[in-house]
Structures are given as structure tokens and as C-alpha cells.
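Asks: Before I ask anything, here is the structure I am working with.
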Amino acid sequence: MTSVPWAGPEWDDPALTQLARQLRDAHRAVAPLPAPARRRLIRHLLAITDLAKRDPGLAARRLETFLADFHETPDVG
């Protein structure tokens, strides 16, 4: 067994890396919200994350729509 530190995923796909970063940032943006809103938005983000496993292109479009709606809502974003 080697003790080489993990350097991240072994793919070299900039689109997947960007999608992963956007999902991470979206989760960070939702985290400080009040519990009822946070739970609803996190469920939505988890559905997008699950979709990314099967169809990253569609997941990226859904995340883009989610973020646009999130930032337009005065109470939330």
C-alpha cells in the first residue's frame, strides 16, 4: 500500500471539473439559509448531482437554471 496523497479524480475533463465546482459552490451558498428553505434547495441540488452521474450536460443546464432562480429570489440568494 502506498502513502501517496490523493490528488483528486483521474479524469481530465474541464466540463466535469467545472460542473463539480459549481455544485460545490451552490451547496456552500445554500448552507447558511434558514432550515426550511435550505432543505428544499439541498434536495434540488442533490437531484442535480445525481443527474450529473448519468447526463452531465443536462445537469449543467439544470444547475445553471437553479443558480439563476436562486440569485433572482430576494429572500434566498
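Asks: State all residues of the stretch 45-70 that are out of contact with any Leu (no Cβ under 7 Å at 6 or more places or on another chain) and over 15 Å from His27 (Cβ atoms); if no residue qualifies, say none.
Replies: Listed by number, the residues that qualify are Lys53, Arg54, Asp55, Gly57, Arg61, Glu64, Thr65, Ala68, Asp69.
Asks: Sticking with this one: Scan Leu58, Leu23 and give me the residue that is at pLDDT 95 or above and over 20 Å from Thr73 (Cα atoms). Let's see the steps before the verdict.
Replies: Numbers: Leu23 fails: over 20 Å from Thr73 (Cα atoms).
Leu58 is the lone residue from the list that is at pLDDT 95 or above and over 20 Å from Thr73 (Cα atoms).
Asks: Restricting attention to the stretch 45-56, does a residue exist that is among the β-branched types (Val, Ile, Thr), farther than 25 Å from Asp13 by Cβ and within 15 Å of the chain's Cα centre (by Cα)? Please lay out each step first, then the result.
Replies: Just the residues of the stretch 45-56 that are among the β-branched types (Val, Ile, Thr), to begin with: 48-49.
Within this subset, residues satisfying the condition of being farther than 25 Å from Asp13 by Cβ are none.
No: the stretch 45-56 contains no residue that is among the β-branched types (Val, Ile, Thr), farther than 25 Å from Asp13 by Cβ and within 15 Å of the chain's Cα centre (by Cα).
Asks: Next up: Would you be able to say whether some residue in the stretch 29-43 is under 12 Å from the mean Cα position of the chain (by Cα), surrounded by 11 or more Cβ atoms within 10 Å (Cβ to Cβ), among the basic types (Lys, Arg) and modelled with pLDDT of 95 or more?
Replies: no
Asks: Suppose we keep only residues that are closer than 15 Å to Thr65 by Cα and of a type outside the set (D, E, K, R) within the stretch 10-26. Which one would you say is surrounded by the fewest Cβ atoms within 10 Å (Cβ to Cβ)?
Replies: Taking the stretch 10-26 as the starting set, the residues that turn out to be closer than 15 Å to Thr65 by Cα are 19, 22-23, 25-26.
So of that shortlist, the ones also of a type outside the set (D, E, K, R) come out as 19, 22-23, 26.
On the way: Leu19: 19, Gln22: 17, Leu23: 19, Ala26: 20.
That would be Gln22.
The values are calculated or read from the model by the stated rules, or taken from the named source; none is laboratory data. This is a predicted model, so every value here is computed, not measured. All Cβ positions, glycine included, derive from the backbone under ideal geometry; neighbour counts span all protein chains shown.
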